[in-house]
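Where a number appears in this text, it was derived from the coordinates with a stated rule and is not lab data. This one's a predicted model, so the numbers in the text were calculated from it and none came from an experiment. Cβ placement follows ideal geometry from the backbone for every residue including glycine, while neighbour counts extend to all protein chains displayed.
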Amino acid sequence: MHWIHFAVIAMISHSALMIILKEVTNSGLQTEIINFYFLLFTTIVIFCFAATRNVRFQIPGKFVVWFMVLAIIAFFYNYFAMKAISAAPNPGYVVGILSCNIIIITIVGSLLFGNPLPTTKIVGIALMVCGSLLITMV
């Protein structure tokens, strides 16, 4: 499959995830409890999936620090995204703001990986920012 197919599947999955998380946060459960069980069950599913594919669960030592950093960043993302989803009247508003990360990722990715940013991509980023702002306006 092409990377766009993977991205579309991830987008649909993320959409379902946000709607379900909003429902769960409306239940009154604490953010910490929601994140704990969400990540616990996600870990179990990933483990089972990887085990059926005969994946070896080992990483070179030089990556341990990267995974620790990823875990800390993932904690902040999950905790604060969950708080925002819980407080927002519609999870789409939160996702609209979160989607602005495309600006950071595209610019930093361009610098790190040497991909140029032609005018069309810059215009696309600007339009996305405008769309996100319009969606999140209260």
Specify which labelled value, from (i) 2, 8, 11, 16, 20, 17, 14, 8, 3, 0; (ii) 2, 10, 16, 14, 11, 10, 8, 7, 6, 5, 4, 3, 2, 1, 1, 0; (iii) 2, 11, 19, 18, 15, 11, 9, 6, 4, 2, 1, 0, 0, agrees with P(r) over Cα pairs in 5 Å bins from 0, in percent derived from the coordinates of the model shown. (i)
I'd like the distance between the alpha-carbon centres of the range 31-49 and the range 70-103, rounded to an integer number of Å. 17 Å
Relative contact order, percent, of the chain when contacts are C-alpha pairs under 8 Å separated by at least 6 residues? 28 percent
Determine the dipole magnitude for the chain: charges of +1 sit on the beta-carbon of Lys and Arg, -1 on that of Asp and Glu, nothing else is charged, the reference point is the Cα centre, and the result goes in debye to the nearest 20. 300 debye
